[in-house]
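Below is one structure, written out as structure tokens, with a few remarks after it.
The values are calculated or read from the model by the stated rules, or taken from the named source; none is laboratory data. Being a predicted model, the structure only gives us computed values, none of them experimental. Positions of Cβ are backbone-derived with ideal geometry, glycine not excepted, and every protein chain shown enters the neighbour counts. The protein model used for the area step is the full one, side chains on, heavy atoms only, and it has no ligands, DNA or RNA in it. Shrake-Rupley method; radii C 1.70, N 1.55, O 1.52, S 1.80 Å.
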Amino acid sequence: MINTVQFDTASLMVALPEIFLLSAIVVVLLLDLFLTKPFKQVAYYLTQLSLLITGILSFNLIGQPETIIFGYSFVLDDLASVFKVFMMAAAMVAMVYSRHYLIQHSLFKGEYFVLVMLSILGMMVMVSGYSLLTLYLGLEILSLSLYTLIAIARNRAGAIEAALKYFVLGAIASGLLLYGMSMVYGISGSLNIAEIATFANSTVLASREILVLNFGLVFLVIGIAFKLGAVPFHMWVPDVYQGSPTSVTLFISTVPKIAAVAMLVRLLVDGLGSMQPYWSDLFMVLAILSIAIGSIVALMQTNIKRMLAYSTISHVGYVLLGFVTGVITGYSSAVFYILAYVLMSLAAFGIIILLNKKGFEADLISDYKGLSKHSPWFALMMLMIMLSMAGVPPFIGFYAKLFVLQQVISSGMITVAIIAVVFAVISAYYYLQIIKSMYFEEGDKETTVNAPMDMKLVLSINAVLILVVGLFPDFWMKLALSLF
């Protein structure tokens, strides 16, 4: 049963995580003005505390009846609450990893943490958006924060270039998405997702109305594909991943992906679910292209951040395959995949940050030569991460691919499944290349690890979870299935 609540105490409780995080942003922003350099760490700890409390507030809302507030523009359901909890957890881990990097490279500033929290606020609005306007508002809060975060290293030409590329291409993609929304609004007469779904389900639509809906749908798919980094809207991904400070790359590659999947669910599954045959065909093309091009181009990379960028594009292809199936089990397999990817990506970029020091980014594959001799524990962690990304059992990456491919095969798309498996085998090469560098090649210099103990501990837990969740994947798959 869906409850609709106007603006009152009940609606404030539903939006309490967002309200609290916004208040925390204001506090950290104002406090940072008065903190002298020795006390700048306070901003970091306040950010972590704010994310923890926001995550707890979101967790307490899991299992509540589906409630729509603020003029049918904001929804509370299990999908929103669970996604918010995962986003807070991923963001907190990302902040633990980032602190070491920020201090090493003189980027430890209060505004960094304010921008991170602002982007998370935008993601939370996207996840709970139940109106075209709310979804777009959340997307813009997220995007503008990320543009600024990328350019926070003002003395790096690569970071400024990456920020400009992302800003220009992001503005175009946002414009296309907004154009699609305007077409859907113009023909349906509503901004509300539920009313749009009712209109799209109507059996008396004129051919003109179907045509306009299809045009709007194409632009919506383009906007979503850009945010996910799917081919052919992937141009920004490798340049932004490589040019950004590694702590920012870590953040961009993880938490926003969850929000992008949530936006896909709200717009296409909840809003235009009746048009699934149309958008699933588009997604099939995007998925196959993403898996193929991401896997092939990654083979030629020498920069590990750029290689992981193309790896991300390939992983996004598998996520889209889950939505191509058009069934709830397919959607849940896609959600499981994106959460598994976030866990793996956090650990992969965490290792890169772990090995970096002032003046040394550890972003070349050759930088990992001989790591097994100098730091055998973290070489083992990287081995587990790479094997998981390659889809080797018993790691979580294997089951993420397996669940998606099971649904693809169940839907009768055998050829698509075969193509995905072939490119999964090809992609194993560039993951094994890193393992080869660590275990079978001698480095020119010793690779030392000087990271703080909290980062080493969290990173170790992160990597071990890739194995543990892989050994017991059923609980997490059932959780993903319960969201639909």
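Within the range 95-122, the only residue that satisfies the criterion of being of a type in the set (A, V, I, L, M, F, W, C), within 30 Å of residue 133 (Cα to Cα) and touching a Gly at 6+ places or on another chain (Cβ under 9 Å) is 121.
Is it fair to say residue 392 is closer than 23 Å to residue 291 by Cβ, surrounded by fewer than 20 Cβ atoms within 10 Å (Cβ to Cβ) and either in contact with a Phe, Trp or Tyr (Cβ under 7 Å, 6 or more places away or on another chain) or acidic (Asp, Glu) (or both)? Spelling it out, residue 392 is indeed closer than 23 Å to residue 291 by Cβ, surrounded by fewer than 20 Cβ atoms within 10 Å (Cβ to Cβ) and either in contact with a Phe, Trp or Tyr (Cβ under 7 Å, 6 or more places away or on another chain) or acidic (Asp, Glu) (or both).
A single member of 145, 182 is at pLDDT 90 or above and within 18 Å of residue 73 (Cα to Cα), and it is 182.
Residues in the range 422-450 that are surrounded by 14 or more Cβ atoms within 10 Å (Cβ to Cβ), out of contact with any Ser or Thr (no Cβ under 6 Å at 6 or more places or on another chain) and farther than 16 Å from residue 382 by Cα: 424, 443. Considering only residues in the range 359-389 that are under 18 Å from residue 96 (Cα atoms) and of a type outside the set (A, V, I, L, M), the one that is least open to solvent (accessible area, probe 1.4 Å) turns out to be 378. Residues in the range 47-74 that are hydrophobic (A, V, I, L, M, F, W, C) and in contact (Cβ under 8 Å) with a residue 60 or more places away in the chain were compared, and the one that is surrounded by the most Cβ atoms within 10 Å (Cβ to Cβ) is 51.
The criterion of at least 1 residues that are open to solvent by 10 Å² or more (accessible area, probe 1.4 Å), closer than 23 Å to residue 348 by Cβ and at pLDDT below 95 is met, among helices (runs of 4 or more DSSP H) falling completely within the range 230-302, by 236-243, 255-264, 276-298. Figure legend. Inter-residue proximity from the range 286-307: first residues hydroxyl-bearing (Ser, Thr, Tyr), second residues open to solvent by less than 20 Å² (accessible area, probe 1.4 Å), beta-carbon distance below 6 Å, spacing 6+ or different chains. Indicated pairs: 290/230; 290/231; 290/313; 290/316; 290/317; 295/314; 295/427; 302/365. Taken together, the residues in the range 419-443 that are aliphatic (A, V, I, L, M), modelled with pLDDT of 90 or more and under 22 Å from residue 349 (Cβ atoms) amount to 5. Residue 72 meets all of the listed conditions (1) within 23 Å of the chain's Cα centre (by Cα); (2) not in a helix (DSSP H, G or I) but one, namely (1). Condition first: open to solvent by 50 Å² or more (accessible area, probe 1.4 Å) and touching a residue at least 24 places away in the same chain (Cβ under 8 Å). Now tell me which residues in the range 468-478 satisfy that. Scanning the range 468-478 gives 471, 476. Note on the range 201-217: residues that are outside any helix (DSSP H, G or I) and open to solvent by less than 50 Å² (accessible area, probe 1.4 Å) total 3.
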